[in-house]
2 protein chains.
Amino acid sequence: MLALDDKAQDLLFREAHTAVNFSDDPVSDEQIAEIWELIRWAPTSGNASPGRLLIVRSPQARERLVAHMGESNRAKTLAAPLTVVVAADTRFHELWPKISPSRAEGAARLEDDPDARERLAMLSGTLVTAYFLIGVRAAGLAAGPMGGFNRAGVDGEFFPDGRWRSILVVNVGVAADESPPERQGRLEFADVARVV
Amino acid sequence: MLALDDKAQDLLFREAHTAVNFSDDPVSDEQIAEIWELIRWAPTSGNASPGRLLIVRSPQARERLVAHMGESNRAKTLAAPLTVVVAADTRFHELWPKISPSRAEGAARLEDDPDARERLAMLSGTLVTAYFLIGVRAAGLAAGPMGGFNRAGVDGEFFPDGRWRSILVVNVGVAADESPPERQGRLEFADVARVV
């Protein structure tokens, strides 16, 4: 009954798996740019567009990153072809002139309300994080999202001006040629939905 | 270069628009269930699965909902074929036996750490909210997500036991047969990405 064809459903949702191990195929900045070109059209609150991508490529940067990650996430992050820290820009309104020249008034209001900016950045930045995970799969790649890291540590290491806030760390690559682990269960519609 | 075909890219991202006005076509619970059957496979933190859907269908429930919404969101919500409050269950671990019998120890640890549960529920629940918006589009429908509502008010009205927390209110339907408003701009890759 869905409008999306079966092959796309499989690619994005049903056959896609969170990956731990990847092949040796590299992932280029151009591939990440192409993912961005697609997902940037998905909605954020009032088109605020706070989502940001820190592409962690060099061995030195990876070491700096894993120093703030949980023990169980370190080896797989050092071994992944590429790692992206998806983040939210708490001063997203400064980039609005690039989106629309008519938003100066709204941007000025937000400038004076850092709490509202932070709430909006984290909520919509988390939506963008999910779009990124779907986008990685749309590119034929596998994602390994990880929440097990010290946010204050990662933010202090890579975003010392306090402007960007990390949301998830995501390993990206071609999934290793191995059987994925047995799929964990999911909740049924009756478990998650109420009708009023 | 993407593995996802152009038609699917258009359906989910490039041609899809946030909708304000909808046709008279109804949206059934079965359609929402089918969206859930697809999106439930997308990742949440450790498969925690905290995403929930409050399907607001009856006229009485809509009135209760819009009483807590911003003025600009009321009329369009009352007129939409269906409205879904996407929420996070802060006691998600109680449903883990339905997902996997082997998670009793992790569930017991979370039982004693309500702050960790709330953080995880809101982060992964927000990922599920984004998956839901993509899923609505996958069903050939249009979504009108709204953050402009009083969260404490909506939660007190519909989730008085304090267990579920609202994330976004989403109108759902077939987009009205009208030209969408001119597309707002989006940020370029160079605006959002840094490589280290």
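The values are calculated or read from the model by the stated rules, or taken from the named source; none is laboratory data. Source: prediction; values computed, not measured. Quick reminder, even Gly has a Cβ in these numbers, built from the backbone with ideal geometry, and neighbours come from all protein chains shown. Remember, those area values only see protein heavy atoms, side chains included, never the ligands or the DNA or RNA. Shrake-Rupley method; radii C 1.70, N 1.55, O 1.52, S 1.80 Å.
Examine the range B:74-87 for a residue that is of a type in the set (A, V, I, L, M), out of contact with any helix residue (DSSP H, G or I) (no Cβ under 9 Å at 6 or more places or on another chain) and more than 10 Å from chain A (Cβ to nearest Cβ), and state whether such a residue exists.
The answer is yes, given that some residue of the range B:74-87 is of a type in the set (A, V, I, L, M), out of contact with any helix residue (DSSP H, G or I) (no Cβ under 9 Å at 6 or more places or on another chain) and more than 10 Å from chain A (Cβ to nearest Cβ).
Tell me, which residue of the range A:50-85 that is of a type in the set (Ser, Thr, Tyr) and either outside any helix (DSSP H, G or I) or open to solvent by 70 Å² or more (accessible area, probe 1.4 Å) (or both) is nearest to A:Trp96 (Cα to Cα)?
Once the filter is applied, the top-ranked residue is A:Thr83.
Kindly list, by first and then second residue, each pair from a residue in the range B:62-78 that is touching a residue at least 12 places away in the same chain (Cβ under 8 Å) to a residue that is in a loop (DSSP other than H, G, I, E, B), limited to pairs with Cβ atoms under 6 Å and residues at least 6 apart or on different chains.
B:His68/B:Asn150; B:Gly70/B:Gly148; B:Asn73/B:Gly148; B:Lys76/B:Val20
Among the residues of the range B:6-20 satisfying the criterion of being at pLDDT below 95 and more than 10 Å from chain A (Cβ to nearest Cβ), which is most open to solvent (accessible area, probe 1.4 Å)?
Ranking the candidates gives B:Val20 first.
So B:Ala108 clears everything in (1) touching a helix residue (DSSP H, G or I) at 6+ places or on another chain (Cβ under 8 Å); (2) more than 10 Å from chain A (Cβ to nearest Cβ); (3) more than 30 Å from A:Trp41 (Cβ to Cβ) except one condition, right? Which one?
The failed condition is (1).
Return only the number of the condition from (1) facing another protein chain (nearest Cβ under 7 Å); (2) surrounded by fewer than 22 Cβ atoms within 10 Å (Cβ to Cβ) that A:Pro26 does not satisfy.
Only one criterion in (1) facing another protein chain (nearest Cβ under 7 Å); (2) surrounded by fewer than 22 Cβ atoms within 10 Å (Cβ to Cβ) is unmet by A:Pro26, namely (1).
Go through the range A:58-80 and count every residue that is closer than 20 Å to A:Ala175 by Cβ and in contact with a Ser or Thr (Cβ under 8 Å, 6 or more places away or on another chain).
Number of matching residues: 2.
How many residues, within the range A:13-27, are closer than 13 Å to A:Val174 by Cβ and of a type in the set (Phe, Trp, Tyr)?
Counting residues in the range A:13-27 that are closer than 13 Å to A:Val174 by Cβ and of a type in the set (Phe, Trp, Tyr) gives 1.
Within the range B:48-60, count every residue that is more than 9 Å from B:Ser124 (Cα to Cα) and within 7 Å of chain A (Cβ to nearest Cβ). Break it down stepwise before answering.
Just the residues of the range B:48-60 that are more than 9 Å from B:Ser124 (Cα to Cα), to begin with: B:52-60.
Now narrow it down to the ones that are within 7 Å of chain A (Cβ to nearest Cβ): B:52-58.
Qualifying residue count, the range B:48-60: 7.
Would you pick out the residues in the range B:52-84 that are charged (D, E, K, R) and out of contact with any strand residue (DSSP E or B) (no Cβ under 9 Å at 6 or more places or on another chain)?
Looking only at the range B:52-84, we keep the residues that are charged (D, E, K, R), and these are B:52, B:57, B:62-64, B:71, B:74, B:76.
Those that are charged (D, E, K, R) and out of contact with any strand residue (DSSP E or B) (no Cβ under 9 Å at 6 or more places or on another chain): B:Glu63, B:Glu71, B:Arg74.
I'm trying to understand the selection: among the residues of the range A:140-162, which are in contact with a strand residue (DSSP E or B) (Cβ under 9 Å, 6 or more places away or on another chain), farther than 20 Å from A:Ala33 by Cβ and either part of a loop (DSSP other than H, G, I, E, B) or modelled with pLDDT under 95 (or both)?
Across the range A:140-162, the qualifying residues are A:Gly147, A:Gly148, A:Asn150, A:Phe159.
Looking at B:Arg137, B:Arg165, can you tell me which residue is more than 10 Å from chain A (Cβ to nearest Cβ), touching a strand residue (DSSP E or B) at 6+ places or on another chain (Cβ under 8 Å) and within 25 Å of B:Arg62 (Cβ to Cβ)?
Residue meeting the stated conditions: B:Arg165.
Can you tell me which of B:Gly135, B:Gly147 is within 12 Å of the chain's Cα centre (by Cα) and open to solvent by 10 Å² or more (accessible area, probe 1.4 Å)?
B:Gly147
Let's see how each residue does on (1) over 19 Å from A:Asn73 (Cβ atoms); (2) touching a His at 6+ places or on another chain (Cβ under 9 Å); (3) in contact (Cβ under 8 Å) with a residue 40 or more places away in the chain:
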site	(1), (2), (3)
A:Leu127	yes, no, yes
A:Phe132	no, no, yes
A:Leu141	no, no, yes
A:Asn150	no, yes, yes
A:Val170	no, no, yes
A:Ala175	no, yes, yes
A:Ser179	yes, no, no
A:Glu188	yes, no, no
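Is there a residue in the range A:173-187 that is surrounded by fewer than 24 Cβ atoms within 10 Å (Cβ to Cβ), at pLDDT 95 or above and within 15 Å of A:Ile55 (Cβ to Cβ)?
Yes - at least one qualifying residue is present in the range A:173-187.
Confirm whether B:Ala42 is open to solvent by less than 50 Å² (accessible area, probe 1.4 Å) and either β-branched (Val, Ile, Thr) or more than 7 Å from chain A (Cβ to nearest Cβ) (or both).
no
Mind listing whichever residues of the range B:20-49 are among the hydroxyl-bearing types (Ser, Thr, Tyr) and assigned to a helix (DSSP H, G or I)?
If the condition is that a residue be among the hydroxyl-bearing types (Ser, Thr, Tyr) and assigned to a helix (DSSP H, G or I), then B:Ser45 is the only one that fits.
State all residues of the range B:86-108 that are open to solvent by 10 Å² or more (accessible area, probe 1.4 Å), small (Gly, Ala, Ser) and touching a residue at least 24 places away in the same chain (Cβ under 8 Å); if no residue qualifies, say none.
Matches in the range B:86-108: B:Ser100, B:Gly106.
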